[in-house]
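A.B. asks: What follows is a single structure, and I will ask about it in a moment.
The values are calculated or read from the model by the stated rules, or taken from the named source; none is laboratory data. Here the structure is a predicted model, which is why all the values come from computation and not from measurement. Using ideal geometry, Cβ is built from the backbone for each residue, glycine included, and neighbour counts are taken over all protein chains shown.
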Amino acid sequence: MSVDDEAKQPKDETDEPGWEVDPDDEWGMAVITTVGRQLKLRREAASLRTGEFGKAVGYGEDMVYKIEAGKRIPRQDFLIRADAVLGADGLIAATWEDVKKVRYPKKVRALAKMESEAVEIGVYVCNSISGLLQTPDHARALFRAAQPPYSPNDVDRMVAARMARQSIFEQDDPAPAISFVLEEATLWRPVGGTMVWRQQLERLLEVGQLHNVTLQVMPTKSDAHPGVDGRIELLKFENGTALGRSDGAFNGRPTSDPKQLRILELRYGTIRAQALTPRESLAFIEQLLLGET
């Protein structure tokens with residue numbers, strides 16, 4: 001079979017893992033059920049049998065059944081082809097804006113929404129590189145190392161969700177002020193192997209040079225600081241409200257209490273003061289890449 005012939009073969013659910021609907025996600029179920037119902041109504045109005053429609057869009061009949069029944073999240077490619085076949089004038093293709101969000105767990109969607117609305121973000125992570133800074137391969141290696149292990153489908157979904165959060169680096173109206181403090185030890189760990197490790201360091205250099213991002217490294221030889229208990233996250237919004245969380249304070253739960261937020265801000269400020277300057281931090285990462293440390 002040639003490459004061209006193989007590309008024309010109908011696709012089924014095994015082609016793209018991680019596209020199952022989460023039964024505990026009510027909003028996600030509602031979105032996929034509605035899209036599936038609209039597809040079925042339009043297909044029937046066009047007098048197309050399921051098999052005929054599947055062949056026309058390049059997908060297996062079983063996949064079409066699952067999507068129309070709200071049991072499978074359609075890919076963007078499916079929606080675009082379905083729109084063309086059914087003459088929907090872009091209405092079906094446009095549902096991708098809602099559909100793509102359903103791939104991500106509810107908690108991740110909520111976090112991504114808050115991060116996208118924040119005007120200022122501060123993150124310190126003790127034992128790993130922040131998810132907002134991770135490359136896909138680095139994130140995948142971390143998820144695969146979990147015990148008990150995640151299924152391949154879960155890993156794919158979680159990697160996609162983590163990468164989606166990084167869209168905050170593309171915001172420009174206005175761009176949020178983002179600061180990170182990373183522990184030196186996390187930069188030495190070759191997660192995923194040497195090539196993945198080097199790509200991760202290159203990604204840190206890339207993000208650290210953005211005009212709205214400040215990236216700092218906490219030297220391993222530094223004295224004790226307020227972040228040794230774990231991560232600290234601070235989000236500030238345009239309306240003057242804020243949200244914070246710390247593994248070592250307030251039971252690790254998100255807080256918007258002004259007094260507790262002041263405590264987290266004090267701790268985060270102290271951590272930044274003890275870390276290398278942004279210029280020194282990028283120079284250190286460059287030296288790691290060159291093997292000069």
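A.B. asks: For V191, all conditions in the list (1) under 20 Å from L234 (Cα atoms); (2) buried (at least 18 other Cβ atoms within 10 Å of the Cβ); (3) in contact with a helix residue (DSSP H, G or I) (Cβ under 8 Å, 6 or more places away or on another chain) hold save one; what is the number of the exception?
C.D. replies: (1)
A.B. asks: Mind checking which residues of the stretch 136-154 are of a type outside the set (D, E), touching a residue at least 60 places away in the same chain (Cβ under 8 Å) and either touching a His at 6+ places or on another chain (Cβ under 8 Å) or under 19 Å from A112 (Cβ atoms) (or both)?
C.D. replies: Filtering the stretch 136-154 down to residues of a type outside the set (D, E) leaves 136, 138-153.
Right, trim to touching a residue at least 60 places away in the same chain (Cβ under 8 Å) and you get 138, 152-153.
The one that is of a type outside the set (D, E), touching a residue at least 60 places away in the same chain (Cβ under 8 Å) and either touching a His at 6+ places or on another chain (Cβ under 8 Å) or under 19 Å from A112 (Cβ atoms) (or both): H138.
A.B. asks: Quick check on R198: is it at pLDDT below 90, basic (K, R) and either in the same structural domain as G227 (by TED's automatic domain parsing) or closer than 22 Å to R272 by Cβ (or both)?
C.D. replies: Numbers: at pLDDT below 90: no; basic (K, R): yes; either in the same structural domain as G227 (by TED's automatic domain parsing) or closer than 22 Å to R272 by Cβ (or both): yes.
Considered against the rule, which asks whether it is at pLDDT below 90, basic (K, R) and either in the same structural domain as G227 (by TED's automatic domain parsing) or closer than 22 Å to R272 by Cβ (or both), R198 comes out as no.
A.B. asks: Determine which single condition Q200 fails, assuming it passes every other condition in (1) part of a helix (DSSP H, G or I); (2) on the phi > 0 side of the Ramachandran plot.
C.D. replies: The number of the failed condition is (2).
A.B. asks: In the stretch 237-259, which residues are assigned to a loop (DSSP other than H, G, I, E, B) and touching a residue at least 24 places away in the same chain (Cβ under 8 Å)? Can you show your working first?
C.D. replies: Of the stretch 237-259, the ones assigned to a loop (DSSP other than H, G, I, E, B) are 238-241, 247-248, 253-254, 256-257.
E238, D247, listed by residue number.
Conditions tested, residue by residue: (1) surrounded by 17 or more Cβ atoms within 10 Å (Cβ to Cβ); (2) more than 23 Å from R165 (Cα to Cα); (3) in contact with a strand residue (DSSP E or B) (Cβ under 6 Å, 6 or more places away or on another chain); (4) touching a residue at least 40 places away in the same chain (Cβ under 8 Å).
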{"residue": "G208", "(1), (2), (3), (4)": "yes, no, yes, yes"}
{"residue": "N212", "(1), (2), (3), (4)": "no, no, yes, no"}
{"residue": "G230", "(1), (2), (3), (4)": "no, no, no, yes"}
{"residue": "S281", "(1), (2), (3), (4)": "yes, yes, yes, yes"}
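A.B. asks: Can you tell me which residues in the stretch 170-188 are assigned to a helix (DSSP H, G or I) and either surrounded by fewer than 17 Cβ atoms within 10 Å (Cβ to Cβ) or not assigned by TED's automatic domain parsing to the domain that holds T277 (or both)? Before the answer, list the steps.
C.D. replies: First, pick out the residues of the stretch 170-188 that are assigned to a helix (DSSP H, G or I): 170, 184-188.
The answer is E170, A185, W188.
A.B. asks: For the structure I just gave you, tell me whether R72 is within 14 Å of W19 (Cβ to Cβ) and either in contact with a helix residue (DSSP H, G or I) (Cβ under 6 Å, 6 or more places away or on another chain) or at pLDDT 95 or above (or both).
C.D. replies: Taking the combined requirement at face value, the residue satisfies it.
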